[in-house]
1. Is there a residue being acidic (Asp, Glu), in contact with a helix residue (DSSP H, G or I) (Cβ under 8 Å, 6 or more places away or on another chain) and in contact (Cβ under 8 Å) with a residue 40 or more places away in the chain anywhere in segment 98-114?
2. Looking only at segment 1-41, how many residues end up being within 23 Å of Asp97 (Cβ to Cβ), among the small types (Gly, Ala, Ser) and modelled with pLDDT of 65 or more?
3. Residues that are in contact with an Asp or Glu (Cβ under 8 Å, 6 or more places away or on another chain) and surrounded by 12 or more Cβ atoms within 10 Å (Cβ to Cβ): which strands (runs of 3 or more DSSP E) entirely in segment 64-145 hold 2 or more of them?
4. Being closer than 12 Å to Ile112 by Cα and not acidic (Asp, Glu) is the filter here; which residues of segment 48-80 pass it?
5. Any residue in segment 76-87 that is over 15 Å from Val140 (Cα atoms) and among the polar types (S, T, N, Q)?
6. Applying the selection to segment 49-61, what residues are assigned to a helix (DSSP H, G or I) and surrounded by fewer than 19 Cβ atoms within 10 Å (Cβ to Cβ)?
Amino acid sequence: MRHSGATQSFEIVGARPAPQGSKSLMRLRSGRSIMVESSRMVKPWRSLVANAARDAGIAMRDGPVAVSIVTRWTRPASHYGKRGLRATAAAYPGYADCDKLARAIFDALAGIAYRNDRQVVRFEISRVWCGDGEAPGAFVTVSDA
């Protein structure tokens, strides 16, 4: 069993977070069918998350796990007018369902931070706009629950 007992964090910088959406049934020429992700952005996003966790030395946990996620999104140009941020600009990004964003990150961390995402017993997630000089991405914290 490997685990640090401590809280560990890592960051994904410069990539737009991708929600894990629905799966579609794809028929192969052989007549077999397979399930595939509906979004092409999910697989690369999960790969970035997994690589960032490995690079940060996130420890494998065998027991219950808590995960905290903050996703950062770039404001669209339409939020700005000649005098700066418009009063009508959304306070929070509404691009993706929080549960689908979490699911993509949970799946990416399986086998790295925990054996199976069923070990996640508590999590929190938020969507925020990038601050000045910040790039889109996510900040993830993993700890024993």
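The values are calculated or read from the model by the stated rules, or taken from the named source; none is laboratory data. For clarity, every value in this text was computed on a predicted model and none was experimentally measured. A quick note on method: Cβ atoms are made from the backbone with ideal geometry, for glycine too, and the neighbour counts reach across all protein chains shown.
1. Yes, that holds for at least one residue.
2. Qualifying residue count for the region: 5.
3. Correct list: 65-73, 137-144.
4. Val49, Ala50, Asn51, Ala52, Ala53, Arg54, Ala56, Gly57, Ile58, Ala59, Met60, Arg61, listed by residue number.
5. yes
6. Residues satisfying the conditions are Asn51, Arg54, Asp55.
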